[in-house]
Amino acid sequence: MDLVRDVFASALKPRIFRDREKLLPDYVPGFLPHRESEIRRVASILAPALRGEKPSNIFIYGLTGTGKTAVVRYVLSKLEVTAREAGARVKGVYVNARYRDTPYRIIADIGEAVGARIPFTGLSVGEVFGRILKVISDTKTIYVVVLDEIDFLARKRGGDDVLYKLTRINSELRTSRISLIGVTNSADLVESLDPRVKSSLGEVELVFPPYNAEQLKDILEARAREAFQPGVLEEDIIPLCAALAAREHGDARRALDLLRVAGEIAERSGSSKVTRDHVYMAREEIERDRVVDVVRTLPLHSKLVLASILMVTGGGSGYATTGEVYERYRYLTLKLGIETVTLRRVSGILAELDMLGVITGRVVSRGRYGKTRVLELALDPQVLYKTLSEDIALGDIIDEVGREFGKRSSMR
DNA sequence: TGTCCACTGGAAGGGAGGGCTT
DNA sequence: AAGCCCTCCCTTCCAGTGGACA
């Protein structure tokens, strides 16, 4: 009883954080260090909206965590506020194509944002377009639609088509206008886009350079001031987070995650300070959580493929090829008494797992012995094994995986 | 020098599961 | 309820392909 009360009491008494939310990825800060010129640029492009004119479409390119999203959302919110004060009709719509990665979901989201009633499935894409048109056509409003991580949409079947329709939508609107901001971190996207979409979306192009460690430090300091209680960060915590993140091409989001999770670990352990150890622990925890989340939501056959890889690579210490994995996978499905997917599918699954960062694979030609994907596990085998064993559908199979796994890993 | 392996990766299509409108 | 259309996961088919080997 008292134990519980102690836990609650210490939760009430903030020791580390003042406002943890300030470190969450979707928080848009009021101050964005080292992005002044980008902010000014975006703002000046969008400014005509205040006079009721359609701003140019913008295409923004930059690696992850270079502040693209933050800058766009920041400018957009300022734009809406200014418009409201000035009596101009401007509305910002933000959609992230990574999490809503079918053409239908994207425009459904846009539709919902502008106030159309869109069911989550059941309608044709054309029908949703129609509904959007109906709602906004006569509103005398400038809509600024941000398509974040647009590459996820463009890569999908039919994605090009939706983009094309979006760039053309203005000709069907009466008194309102839509301007588009495409955001991406993939350089090859530009090549693969429909040329008509490309020229329309790229009326103005902007490139966001990565932050260096120095700049990351400034960003972290600004946020830390809002997020933490004064004095809880040990001296070199911020430089450390900045340095670790700078190593990964200056990803600010990663740096902020590191700082936040380090703080959480400190708080959980009842420490009154955030130390270097907390940061290193945070780095591991972030990686572990990411993997666990990804693996847990994988479909059954992907999990079986992962289990096969675990076995073939001998507990994650060696390499495997597609053929070897497929053979083991077939054996596992046989034991489970379920249907086996084709080699083509497994090849596809392996490519997906590679993209998710669960495995790393290279397509290698071994001459006479054909061309295959040579892959290895890109995560802690223990964590993978534990996560896989949570799935009851894998049944007894997991024991066998475990035996193999235990045998090999204890040999090392 | 050409062959040929063991796949890769693109494309199209299907069918299960499910929600929409009428 | 019928008739559409959606997504997701999968299949079938097939045209490449890098380089060790004969």
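The values are calculated or read from the model by the stated rules, or taken from the named source; none is laboratory data. Since the model is a prediction, treat every value here as computed from it, not as a measurement. Here the Cβ positions follow ideal geometry from the backbone for every residue, glycine too, while neighbour counts run over all protein chains shown.
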Failed condition for residue A:83, given (1) buried (at least 19 other Cβ atoms within 10 Å of the Cβ); (2) not assigned by TED's automatic domain parsing to the domain that holds residue A:175; (3) not acidic (Asp, Glu), with all others met? (2)
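When you look at residue A:388, is it more than 25 Å from residue A:283 (Cα to Cα), more than 12 Å from DNA strand C (Cβ to nearest atom), in a helix (DSSP H, G or I) and out of contact with any strand residue (DSSP E or B) (no Cβ under 7 Å at 6 or more places or on another chain), yes or no? Give the derivation first.
On the way: more than 25 Å from residue A:283 (Cα to Cα): no; more than 12 Å from DNA strand C (Cβ to nearest atom): yes; in a helix (DSSP H, G or I): yes; out of contact with any strand residue (DSSP E or B) (no Cβ under 7 Å at 6 or more places or on another chain): yes.
Answer is no for this residue.
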Is it fair to say residue A:313 is among the β-branched types (Val, Ile, Thr) and within 15 Å of DNA strand B (Cβ to nearest atom)? yes
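So which of A:66, A:82 ends up being more than 18 Å from residue A:208 (Cβ to Cβ), touching a residue at least 24 places away in the same chain (Cβ under 8 Å) and hydroxyl-bearing (Ser, Thr, Tyr)? Write out each step before concluding.
Working: A:66 fails: more than 18 Å from residue A:208 (Cβ to Cβ).
Among A:66, A:82, only A:82 is more than 18 Å from residue A:208 (Cβ to Cβ), touching a residue at least 24 places away in the same chain (Cβ under 8 Å) and hydroxyl-bearing (Ser, Thr, Tyr).
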Looking only at region A:314-351, count how many residues are in contact with a helix residue (DSSP H, G or I) (Cβ under 7 Å, 6 or more places away or on another chain), of a type outside the set (Gly, Ala, Ser) and assigned to a helix (DSSP H, G or I). 14
Tally time: how many residues in region A:359-383 are modelled with pLDDT of 90 or more and aliphatic (A, V, I, L, M)? 6
Could we say that residue A:302 is of a type in the set (Ser, Thr, Tyr) and either under 19 Å from the mean Cα position of the chain (by Cα) or in a loop (DSSP other than H, G, I, E, B) (or both) here? no
With buried (at least 23 other Cβ atoms within 10 Å of the Cβ), more than 16 Å from DNA strand B (Cβ to nearest atom) and closer than 26 Å to residue A:364 by Cα as the only criterion, which of A:307, A:266 stands out? A:307
For a quick check of your reading of the model, give me the residue pairs whose first member lies in region A:92-112 and is not assigned by TED's automatic domain parsing to the domain that holds residue A:168 and outside any helix (DSSP H, G or I), whose second is at pLDDT 80 or above and away from DNA strand C (no atom under 12 Å from the Cβ), with beta-carbon atoms closer than 6 Å and at least 6 apart or on different chains. none
Filtering region A:316-334 down to residues that are of a type in the set (D, E, K, R) and within 15 Å of residue A:373 (Cα to Cα), which residue is farthest from DNA strand B (Cβ to nearest atom)? A:327
Condition set among the hydrophobic types (A, V, I, L, M, F, W, C) and modelled with pLDDT under 75, scope region A:150-170, selection surrounded by the most Cβ atoms within 10 Å (Cβ to Cβ): answer is A:153
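Looking at residue A:42, is it at pLDDT below 85 and over 30 Å from residue A:266 (Cα atoms)?
no
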Scanning region A:384-399 for residues that are surrounded by 15 or more Cβ atoms within 10 Å (Cβ to Cβ) and in contact (Cβ under 8 Å) with a residue 40 or more places away in the chain, the one farthest from the chain's Cα centre (by Cα) turns out to be A:397
Tell me, which residue of region A:310-334 that is in contact (Cβ under 8 Å) with a residue 60 or more places away in the chain and surrounded by 17 or more Cβ atoms within 10 Å (Cβ to Cβ) is nearest to DNA strand C (Cβ to nearest atom)? A:332
Search region A:366-383 for residues being within 7 Å of DNA strand C (Cβ to nearest atom) and not in a strand (DSSP E or B), and hand back the single one that is surrounded by the fewest Cβ atoms within 10 Å (Cβ to Cβ). A:368
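Filter region A:346-361 for residues that are within 11 Å of DNA strand C (Cβ to nearest atom) and either under 10 Å from residue A:319 (Cβ atoms) or polar (S, T, N, Q) (or both) and give the result.
Going through region A:346-361, the residues within 11 Å of DNA strand C (Cβ to nearest atom) turn out to be A:346-349, A:352.
A:347, the sole residue that qualifies.
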Take the residues in region A:335-376 that are under 19 Å from residue A:299 (Cβ atoms) and touching a residue at least 60 places away in the same chain (Cβ under 8 Å); name whichever of them is nearest to DNA strand B (Cβ to nearest atom). A:375
